[in-house]
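In what follows, a structure is listed as structure tokens, so that the remarks can point back to it.
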Amino acid sequence: MTKPLRKTGLIFFPAFDWAISSTHPEREERLLYTQDQVFEEGLLDLDNIIEYKPGMATVDDINRIHICVPDAASVTTESHLISAGGAITAADKVLQGEVDNAFALVRPPGHHSMMVVHGARGFCNVNIEAIMVEYIRHTYGPKRVAIIDTDCHHGDGTQDIYWHDPDTLYISIHQDGRTLYPGSGFPDEFGGPNALGATINIPLPPKTSEEGFLYVLDNLIMPILDDFKPDLIVNSAGQDNHYTDPITDMRFTAQGYAILNDRLSPDIAVLEGGYSVETALPYINVGIILAMAGIDYSYVTEPDYDPQAIRQSPEINQYIEKEVGLIHDLWNNREAKKASMKYNSEFISRTKNVYYDTDGIHEKQTETIRVCDDCGGLLTIDSRANYMNRIFAVIIPRGSCSTCRKKGEEIFNTTDQKPFKYVYFQDRERDVFLVK
Amino acid sequence: MILGIDVGGTHTDAVIIDDFTVKKTAKVLTNHENLIETFQKVTDTILGDENIDDLDRIVLSTTMSTNAIVQGKINTVGMILASGPGLAPSMLKINEHTHFLSGYVNHRGIKIAETDYDEVSSISKRLKETGIHHVGIVGKFSTRNPELETHIADMINDDFEHLSFGHRMSGNLNFPRRVATTYLNAAIWDTYKTFVDDVLKFVETIKASIPIYILKADGGTSAINQSAKYPVGTILSGPAASIMGILSLSNFTEDAIALDIGGTTTDIAIFAGGVPLLEPFGVTIEGHKTLTRGLRSKSIGVGGDSKVSYDNNDIIIGPERAGPAAAFGGPYPTPTDAMIILGLTDIGDKQMAEIAVGAIADKMGVSVPETAQTIFDLSCRKIADTVNEMIEEINNKPVYTIHEILEGKKISPKALFVVGGPAKPMASRLGELLGCPYHIPDHSEVANAIGAALARTTTEITLLADTEKKIMTLVEEGLQQEISSQFERQEGLSICRERLRERALKMGAQEEDIEMEIIEDQTFNMVRGYYTTGQNIRLKAQIKPGLIAGFRKEASI
């Protein structure tokens, strides 16, 4: 293997003193053996791998993308600020050109956190990738960003946040939602009216192995990326597709993850889930780091690695080939489909129920988007958690058109505050966040 | 009474310390071809009519191991590596006699693949046929389970003169460094052993029973016969001697900067609360990153005799030395010449300095004193910038707990200590640039010998307990023993302390110098499924580098 070496930044933050609870998968021990393996391999001594200390995200960083109820400080702890801060540090090092790419090997994860945050769901409080992406746009100017989510669970939080954003392509590859939390992520979830096609879901059948994942990468994800032409590729690098993961049912491998990162070549990778702490994570993480740095990873294998034993069935091959064809067609026809959509109102609403499994909160939400050809569209959210805390939010998108802005400001100024505990105004274009 | 001897590149210094004061000093030229003769000479010079019976010990800081490596006076070493999955073997090959085994253990020390006897014996046969007598055996994660290495050793023990084991080098993780350290240890084995024998023979001629110590890279001492077991521990003891010297001369317990400005380079060290900092993983020698515990220092190619040149409208200081200062007949202008012109020092031939610096002044079109000022400022600034870089590196060291991030410990120097030839003319400007008061300790010309004489014995021990596997490992001792599933951290801590003490005494520590410190203390619950199945306890204790007990802070040397 003769690849050019790349300078890779590593932000390693195992949070050895933080857990959701003592026997929770998201516990102190999670990255312990990963640390052992990374240290023992001497990766930090390599000239092209540079370790950085994570910074801490601020409340402003969170308010740029989330509506936290009642506020950002109440729904986060230091651990979340460091985890998001680690992702931001990775982004800074890449965008300032100090390194070619960077891996934020941090915990806790974030991809189940939606735009509105009443508490923790799927082990996540705030969405660390989204916080990072908006920080990037705020600091380094508007960018087309592609987020490739390779966690085994559908990243419903990231999908929710970027549902209406035509400049953020969110591709999630995950175990079929009919068989795994959070139960969403089907191909017909394809983005909001103003951003049709900017959300791509690729559910895979249980027991999909290297062959299937790499087939999807080569035949669907890479061609879509070629079309989308992102300025920046982010890998939401969950590691729970591994064949030894205790809470999922896939058959992906350390080699597979390394090859995937090698071919995808993300600018930034951010750790998400992955709970086979002893038999998978040490090898997957070493594999990803080496692949990002352009170093031979062909010797990184699990002790019991046997590709034949975990090979997927011919039925899975066929299923995936067919699905890839369908989704690719969907993508190719996205613009025609968008043009053909007829709406009988300027504003389109959708209502959803969100369950916060980690904190046991039920949220009922009505989201209303202004159909707009000129920007991502004005968004309003009416949300109620546990039938009590009702809030209203007005969100002006980045790059907003004057109509969406005017209407948004008007709605915020005239909304009757009585039914709501709080009314929020998030202006992503001007970086303004107001609460009344 | 203690005799401290420091073998330097040019001179060998000796000092006699009596009741914590410098009683006598001596200086002779170093004969690198015959170090024993140099010892004899310096010892004769300094002892004079002293009563040998008053001598409690001799401490040597020598360049023996360092020079053996730098000059390639080493044994050919066969390396047997059990590398397991991870980095490609091509990245681990340290020489042409490196061989790989298929057996290995994982990060928890669990044996995944057995050692293949046939594989080992065929490698052993090949090495023997090549005429190799020294072998290094290194397993990935052998610090988690040394059995694999010792098992291989049992198979080939009779085939070779010497075997070095990876797990004995350090309790820290880092396989490539473990390979390099073990390799160097085996490579200098004979040279160092011969040296130790010669020293012992020579000392017997003075006084048979006197204990002899060697200074190690970590600024601590070890009884000389113990040091022969791990010669790699004695590499780079020169910079360590200098740092310990400044420590003993400085009488300071806060954060501080130590500079040793020589002819060619300036060595920088940092004290945190009066304790010299260690390299995070180990020292680097001749491009080999090792696991050898060593004092943290940074060297920059700026010294009194650095060649000063003018290129492309820029004055360039160093990084090489092309001879002495022009004022002493050297071929190029140097910072020393600039200092002579500025009247900061009164040595050498000022006129020759002016001629040399004048050549640059002409090109720049400014006066000679102005040019000298620029050269002097630039030299000081380069040193100060490197100091600041080093402090920033230390302060940005990654940490892995929320507690440490929030605590945000930072070094902030309160004093600057400068030794070396140009210390006097440069210290004031450096203090200004670094924002701290400066001190030039007395006797700084023999600081290294004083540092060696006053250093205490240092060592460390790593304890790992896995209560799920019911195994405890004392890494540096190569010991594993069964424990109960109820084994607790407290028990581990007391075992650690006890073992550290034994280790220190064996290495020649004085009872009163055993000042222990726990430097790693982590306990993780291991959860499999939704149940806690055990604890993973990781402890490390050390005797940190420092000065021998009884050294009076209030009346520093």
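The values are calculated or read from the model by the stated rules, or taken from the named source; none is laboratory data. The model shown is predicted, which means the values in this text are computed figures rather than measured ones. Neighbour counts run over all protein chains shown; Cβ positions are idealised from the backbone, glycine included.
For the range B:253-292, residues that are in contact with a Phe, Trp or Tyr (Cβ under 6 Å, 6 or more places away or on another chain) and part of a loop (DSSP other than H, G, I, E, B) total 1.
Screening B:A549 against (1) modelled with pLDDT of 95 or more; (2) away from chain A (no Cβ under 14 Å); (3) not in a strand (DSSP E or B) leaves a single unmet condition, (1). For the range A:275-317, a residue qualifies if it is surrounded by 24 or more Cβ atoms within 10 Å (Cβ to Cβ) and free of Cβ contacts under 8 Å to residues at least 40 places away in the same chain, and the qualifying residues are A:G287, A:A291. Residue count for the range A:410-429, restricted to those that are without any contact (Cβ under 8 Å) to a residue 60 or more places away in the chain and either farther than 18 Å from A:D167 by Cα or over 24 Å from the mean Cα position of the chain (by Cα) (or both): 13. Only one of the numbered conditions (1) modelled with pLDDT under 95; (2) of a type outside the set (D, E, K, R); (3) within 25 Å of the chain's Cα centre (by Cα) is violated by B:V302, and that is (1). Could you say whether any residue in the range A:52-60 is in the same structural domain as A:E129 (by TED's automatic domain parsing), in contact with a Phe, Trp or Tyr (Cβ under 6 Å, 6 or more places away or on another chain) and touching a residue at least 40 places away in the same chain (Cβ under 8 Å)? Yes, the conditions are met somewhere in the range A:52-60. Kindly establish whether B:T62 is in the same structural domain as B:G219 (by TED's automatic domain parsing), under 21 Å from the mean Cα position of the chain (by Cα) and either of a type outside the set (V, I, T) or under 30 Å from B:G166 (Cβ atoms) (or both). Here the answer is yes, as B:T62 does meet what is asked. With the structure loaded, tell me whether A:S345 is of a type in the set (S, T, N, Q), over 23 Å from the mean Cα position of the chain (by Cα) and at pLDDT 95 or above or whether it fails that test. Taking the combined requirement at face value, the residue does not satisfy it. Checking each residue in the range B:102-135 for being more than 14 Å from every other protein chain (Cβ to nearest Cβ) and in a strand (DSSP E or B) picks out B:H134, B:V135. Scanning the range A:39-77 for residues that are at pLDDT 95 or above, closer than 30 Å to A:I391 by Cβ and within 9 Å of chain B (Cβ to nearest Cβ) gives a single hit, A:M56. Please work out which residue is farthest from the other protein chains (Cβ to nearest Cβ), limiting yourself to the range B:48-69 and to residues that are among the aliphatic types (A, V, I, L, M), under 17 Å from B:T30 (Cα atoms) and assigned to a helix (DSSP H, G or I). Restricting to residues being among the aliphatic types (A, V, I, L, M), under 17 Å from B:T30 (Cα atoms) and assigned to a helix (DSSP H, G or I), the top hit is B:M64.
A count restricted to the range A:116-131 and to residues that are surrounded by fewer than 24 Cβ atoms within 10 Å (Cβ to Cβ) and more than 22 Å from A:E28 (Cα to Cα) stands at 1. Restricting attention to the range B:70-90, the residues being within 13 Å of chain A (Cβ to nearest Cβ), buried (at least 24 other Cβ atoms within 10 Å of the Cβ) and either outside any loop (DSSP other than H, G, I, E, B) or of a type in the set (D, E, K, R) (or both) number 2. If you go through the range B:425-454 and keep only what is in contact with a Lys or Arg (Cβ under 9 Å, 6 or more places away or on another chain) and closer than 28 Å to B:G171 by Cα, you end up with just B:A453. Being under 17 Å from the mean Cα position of the chain (by Cα) and without any contact (Cβ under 8 Å) to a residue 24 or more places away in the chain is the filter; apply it to the range B:230-286 and report the residue that is surrounded by the most Cβ atoms within 10 Å (Cβ to Cβ). Taking the candidates together, the pick is B:E279.
If the condition is being facing chain B (nearest Cβ under 9 Å), in contact with a Pro (Cβ under 7 Å, 6 or more places away or on another chain) and among the hydroxyl-bearing types (S, T, Y), then the range A:276-308 contributes A:Y283, A:Y299, A:T301.
In the range A:26-38, how many are within 8 Å of chain B (Cβ to nearest Cβ) and either more than 21 Å from A:G294 (Cβ to Cβ) or within 20 Å of the chain's Cα centre (by Cα) (or both)? Residues that pass the stated criteria total 7. Which ones in the range A:341-359 are surrounded by fewer than 13 Cβ atoms within 10 Å (Cβ to Cβ) and in contact (Cβ under 8 Å) with a residue 60 or more places away in the chain? Result: A:M341, A:Y343.
One residue stands out in the range B:378-433 among those that are among the polar types (S, T, N, Q) and away from chain A (no Cβ under 11 Å): the one that is surrounded by the most Cβ atoms within 10 Å (Cβ to Cβ), namely B:S379.
Taking the conditions exactly as written (in the same structural domain as B:N174 (by TED's automatic domain parsing), more than 19 Å from A:D36 (Cα to Cα) and basic (K, R)), does B:R144 satisfy them or not? Give the derivation first.
Details: in the same structural domain as B:N174 (by TED's automatic domain parsing): yes; more than 19 Å from A:D36 (Cα to Cα): no; basic (K, R): yes.
No.
Using the structure shown, decide if A:K407 is more than 22 Å from A:N125 (Cβ to Cβ), basic (K, R) and touching a residue at least 24 places away in the same chain (Cβ under 8 Å). Explain how you work it out, then say what you get.
On the way: more than 22 Å from A:N125 (Cβ to Cβ): yes; basic (K, R): yes; touching a residue at least 24 places away in the same chain (Cβ under 8 Å): yes.
Considered against the rule, which asks whether it is more than 22 Å from A:N125 (Cβ to Cβ), basic (K, R) and touching a residue at least 24 places away in the same chain (Cβ under 8 Å), A:K407 comes out as yes.
Out of all the residues in the range A:52-59, is one or more at negative phi, under 24 Å from the mean Cα position of the chain (by Cα) and assigned to a strand (DSSP E or B)? Scanning the range A:52-59, I find at least one residue that is at negative phi, under 24 Å from the mean Cα position of the chain (by Cα) and assigned to a strand (DSSP E or B), so the answer is yes. Looking across the range A:1-25, the residues that are facing chain B (nearest Cβ under 7 Å) and either part of a loop (DSSP other than H, G, I, E, B) or surrounded by fewer than 16 Cβ atoms within 10 Å (Cβ to Cβ) (or both) come down to A:P14, A:A15, A:F16, A:D17, A:W18, A:S22, A:T23.
Under the condition of being within 14 Å of chain A (Cβ to nearest Cβ), part of a helix (DSSP H, G or I) and more than 11 Å from B:G136 (Cα to Cα), the residues counted in the range B:168-192 number 3.
Would you mind stating whether B:F195 is among the aromatic types (F, W, Y) and in contact with a strand residue (DSSP E or B) (Cβ under 8 Å, 6 or more places away or on another chain)? Reasoning before the result, please.
On the way: among the aromatic types (F, W, Y): yes; in contact with a strand residue (DSSP E or B) (Cβ under 8 Å, 6 or more places away or on another chain): no.
So B:F195 does not fit the description; no.
Just one of the numbered conditions (1) more than 23 Å from the chain's Cα centre (by Cα); (2) in a loop (DSSP other than H, G, I, E, B) is not true of A:C404: (2). For the range B:213-229, the set of residues classified as in contact (Cβ under 8 Å) with a residue 60 or more places away in the chain and part of a helix (DSSP H, G or I) consists of B:I224, B:Q226, listed by residue number.
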